[in-house]
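Chemist: The structure under discussion is supplied below as structure tokens; questions concerning it will follow.
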Amino acid sequence: MRRSIQFWVVFSVFLLAGSSAKAQFAEHATMDPSISINYGGSDTAFAARLWSSLQKPGLLHSMLLDEFTAMNDASIDSGKDSTVFELSTKGIKRKHRKHVFMVTELEEGRQYSHLEPFSMIDFNRVDGLFLGLGSSGMYDFGPHDEFGINAGGGYGFADKRWQDFAGGEFRIPLSERKEMTDTVFEHVFVVPMTLAIGAEFHNITSTDDSWRADRLENAAYAFFAREDFRDYYKLAGYSGYIAFRPNRNQEVKVEWRGDNYDSRAQEVFHGRWGGNKVLPPNPAVSVGHMNSVVLTFQEEHARPHGSRSMNVFGDSVSFEQVIGESSIAQVELGHMPGVDFGFNRYLIDARNFAPIMHYLAFDSRIRFEATTGDVTYQKAEFLGGPGTLPGLYNKSLAGNRLLLINTELRFNLAELSKVFGPDFQLVFNNDFGYVGITPESSILKGFEGLHFGTLVYNVGGGIGFASGLQLGASWRTDIKDTPRVVFRLERPF
């Protein structure tokens, strides 16, 4: 969303520049050979192509997004100094800027390596209505954005408890890579490799179920429909980490965590709507202290993508899809001195968003989890419900080994008529899951019973938007079962 706003700011600046800027664009692109933009290995007159895209405003957002994202591998070569362009009503002028070392886009990604992002409003069955102030996104400062801090706090009106967190990091550049920065909105496209050293403290209501349903989406379910698909516990502790970021959307992190876990009593039993339905009970967790060393690799390349093409009737229409990949791999080693439980936990979650045609996309996710040692409730594996197997009741399968495959085929209805919006889609899903349990310490054990007959399988379909809102139904096919209505405010993955 932030990038979309920034791109339209650029669009407005170009419109204000008028025909004089157009002439200077063309002159710069054709008459100044001393400055070249290397893009994808070939010299490109980016300014001229950018102006040309203004003649097709329906394509501008997509063009900017694709070009700017790809410029992670771009550079500007104008001699010894890094040079960027400043756009104004007077045209283009050279402006020298200092290097900026804030590189991560992971905090805006689809997956979380530890704590989910802070929200200023929430509603669940342990906090009730929660109101707070703050942000888990880093506020960056310093001459080179080498410092970052975040903080927040709030109050749960049902359990009458305060929650708070605070963190910070210092970033060190590891290379002399030049940057490409548009000085209109000062966004860094090419950045040096960075090493970040940080720490954070927290005393919050937490969950391991953020990958199933987003916080605000789940709050809407609890408030309006008396459905809460997440389990909660109190988490009080700290973490310290060293993170290597080779570019703006990749990170390798080594982290030490020290946390105290405690159960949270259910304080809210009814939402504000939903008839006589009662919110499900919040289960108790294993109370105690855990220390762990966590190794995490994470990358985020998924992004919205727009295009324009002819539909089946020959009308020129816009199409919106999600393209790219999002993945996380994590090992948590919890056999440490001074702990109440000893465990190791392993996680892989790989998501791929692959357009086949401008109106058809195949999206998929494969998720693997395994816990060895002491399997506490908060470290166990569950399947069923939103974000996993929607044809099953929430968390109806439990164990310490998990394998999940989700697939979606998305057909954009604008291909059939321009009456439909650019992201209105038919969605067909096929989901496969398996949960096993074993006392073995090898993560390869526990899947001996996996075969076609033991896979839990559901199919479904519905209508929705590329941005997330979706209504449909899903049902099991491994056994005879009735369909379950699926209503989502966010994409399943």
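The values are calculated or read from the model by the stated rules, or taken from the named source; none is laboratory data. This structure is a prediction, so every number in the text was calculated from the model and none was measured. Please note: Cβ atoms are built from the backbone with ideal geometry, for glycine as well, and neighbour counts cover all protein chains shown. Heads up: the accessible areas ignore ligands, DNA and RNA and are worked out on the full protein's heavy atoms, side chains in. Shrake-Rupley method; radii C 1.70, N 1.55, O 1.52, S 1.80 Å.
Chemist: Considering every residue within segment 348-364, establish whether at least one is open to solvent by less than 20 Å² (accessible area, probe 1.4 Å) and on the phi > 0 side of the Ramachandran plot.
Modeler: Initially, segment 348-364 is screened for residues open to solvent by less than 20 Å² (accessible area, probe 1.4 Å), giving 349, 351, 353, 361, 363.
If we keep only those that are on the phi > 0 side of the Ramachandran plot too, we end up with none.
Within segment 348-364, not a single residue is open to solvent by less than 20 Å² (accessible area, probe 1.4 Å) and on the phi > 0 side of the Ramachandran plot.
Matching residues to (1) out of contact with any Gly (no Cβ under 8 Å at 6 or more places or on another chain); (2) open to solvent by less than 50 Å² (accessible area, probe 1.4 Å); (3) polar (S, T, N, Q):
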{"residue": "400", "(1), (2), (3)": "no, yes, yes"}
{"residue": "406", "(1), (2), (3)": "yes, yes, yes"}
{"residue": "409", "(1), (2), (3)": "yes, no, no"}
{"residue": "466", "(1), (2), (3)": "yes, yes, no"}
{"residue": "483", "(1), (2), (3)": "no, no, no"}
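Chemist: Quick one: residue 309 ticks every box in (1) crowded, with 18+ Cβ neighbours inside 10 Å; (2) assigned to a strand (DSSP E or B); (3) of a type in the set (S, T, N, Q) bar one, so which box is it?
Modeler: Only one criterion is unmet by residue 309, namely (1).
Chemist: Exactly one condition in (1) among the hydrophobic types (A, V, I, L, M, F, W, C); (2) buried (at least 19 other Cβ atoms within 10 Å of the Cβ); (3) in contact with a Gly (Cβ under 9 Å, 6 or more places away or on another chain) is not met by residue 285; state its number.
Modeler: (3)
Chemist: Sticking with this structure for a sec: Test of understanding: among 309, 327, which residue is out of contact with any helix residue (DSSP H, G or I) (no Cβ under 8 Å at 6 or more places or on another chain) and closer than 26 Å to residue 112 by Cα? Give the derivation first.
Modeler: Numbers: 309 fails: closer than 26 Å to residue 112 by Cα.
Going through 309, 327 in turn, just one is out of contact with any helix residue (DSSP H, G or I) (no Cβ under 8 Å at 6 or more places or on another chain) and closer than 26 Å to residue 112 by Cα: 327.
Chemist: Residues being among the β-branched types (Val, Ile, Thr) and more than 20 Å from residue 429 (Cα to Cα): count how many of those fall in segment 439-457. Reasoning before the result, please.
Modeler: Looking only at segment 439-457, we keep the residues that are among the β-branched types (Val, Ile, Thr), and these are 443, 454, 456.
This time we only want the ones that are more than 20 Å from residue 429 (Cα to Cα), so: 443.
The total comes to 1.
Chemist: Under the condition of being open to solvent by 20 Å² or more (accessible area, probe 1.4 Å) and under 17 Å from residue 244 (Cα atoms), which residue from segment 288-299 is nearest to the chain's Cα centre (by Cα)?
Modeler: Only one residue fits best here, namely 299.
Chemist: Would segment 250-261 turn up any residue that is open to solvent by less than 40 Å² (accessible area, probe 1.4 Å), at pLDDT below 95 and part of a strand (DSSP E or B)?
Modeler: Step one: of segment 250-261, the residues open to solvent by less than 40 Å² (accessible area, probe 1.4 Å) are 251, 253, 255, 257-259, 261.
From what's left, at pLDDT below 95: 251.
Filter once more, so that each one left must be part of a strand (DSSP E or B): 251.
The answer is yes, given that some residue of segment 250-261 is open to solvent by less than 40 Å² (accessible area, probe 1.4 Å), at pLDDT below 95 and part of a strand (DSSP E or B).
Chemist: Would you confirm, using the coordinates I've provided, whether residue 371 is part of a loop (DSSP other than H, G, I, E, B) and β-branched (Val, Ile, Thr)? Can you show your working first?
Modeler: Numbers: part of a loop (DSSP other than H, G, I, E, B): no; β-branched (Val, Ile, Thr): yes.
Against the criterion (part of a loop (DSSP other than H, G, I, E, B) and β-branched (Val, Ile, Thr)), residue 371 does not qualify.
Chemist: Let me ask something else about it. Using the structure shown, decide if residue 413 is more than 30 Å from residue 260 (Cβ to Cβ), at pLDDT 95 or above and open to solvent by 30 Å² or more (accessible area, probe 1.4 Å). Let's see the steps before the verdict.
Modeler: Details: more than 30 Å from residue 260 (Cβ to Cβ): yes; at pLDDT 95 or above: yes; open to solvent by 30 Å² or more (accessible area, probe 1.4 Å): no.
For residue 413, the condition - more than 30 Å from residue 260 (Cβ to Cβ), at pLDDT 95 or above and open to solvent by 30 Å² or more (accessible area, probe 1.4 Å) - is not met.
Chemist: So residue 387 fits all but one of (1) outside any strand (DSSP E or B); (2) in contact with an Asp or Glu (Cβ under 8 Å, 6 or more places away or on another chain); (3) open to solvent by less than 20 Å² (accessible area, probe 1.4 Å); what number is the exception?
Modeler: Among (1) outside any strand (DSSP E or B); (2) in contact with an Asp or Glu (Cβ under 8 Å, 6 or more places away or on another chain); (3) open to solvent by less than 20 Å² (accessible area, probe 1.4 Å), residue 387 violates only (2).
Chemist: What are the pairs, 6+ residues apart or on separate chains, where a residue within segment 429-442 that is crowded, with 20+ Cβ neighbours inside 10 Å has its Cβ under 8 Å from a residue that is of a type in the set (Asp, Glu)?
Modeler: Partner pairs satisfying both residue conditions: 429/408; 435/381.
Chemist: Still on this structure: What strands (runs of 3 or more DSSP E) completely inside segment 431-493 contain at least 1 residues that are β-branched (Val, Ile, Thr)?
Modeler: Working: elements: 456-465, 470-476, 484-488.
Strands (runs of 3 or more DSSP E) meeting the threshold: 456-465, 484-488.
Chemist: Something else now. Filter segment 132-155 down to residues that are part of a loop (DSSP other than H, G, I, E, B) and touching a residue at least 12 places away in the same chain (Cβ under 8 Å) and give me whichever is least open to solvent (accessible area, probe 1.4 Å).
Modeler: Kept after step one, since they are part of a loop (DSSP other than H, G, I, E, B), are these residues of segment 132-155: 142-146.
Still in the list and also touching a residue at least 12 places away in the same chain (Cβ under 8 Å): 143-146.
Values: 143: 91, 144: 61, 145: 43, 146: 27 Å².
Per the criteria, the residue is 146.
Chemist: Kindly indicate whether any position in segment 376-398 is touching a Pro at 6+ places or on another chain (Cβ under 7 Å) and of a type in the set (Ser, Thr, Tyr).
Modeler: yes
Chemist: To continue, here is another question. Would you mind stating whether residue 180 is modelled with pLDDT of 80 or more and either over 25 Å from the mean Cα position of the chain (by Cα) or of a type in the set (A, V, I, L, M) (or both)? Steps first, answer last, please.
Modeler: Details: modelled with pLDDT of 80 or more: no; either over 25 Å from the mean Cα position of the chain (by Cα) or of a type in the set (A, V, I, L, M) (or both): yes.
Considered against the rule, which asks whether it is modelled with pLDDT of 80 or more and either over 25 Å from the mean Cα position of the chain (by Cα) or of a type in the set (A, V, I, L, M) (or both), residue 180 comes out as no.
Chemist: I've got another one for you. Quick one: residue 324 ticks every box in (1) open to solvent by 20 Å² or more (accessible area, probe 1.4 Å); (2) under 19 Å from residue 409 (Cβ atoms); (3) in a strand (DSSP E or B) except a single one, so which number is it?
Modeler: Going through (1) open to solvent by 20 Å² or more (accessible area, probe 1.4 Å); (2) under 19 Å from residue 409 (Cβ atoms); (3) in a strand (DSSP E or B) one by one, residue 324 breaks only (1).
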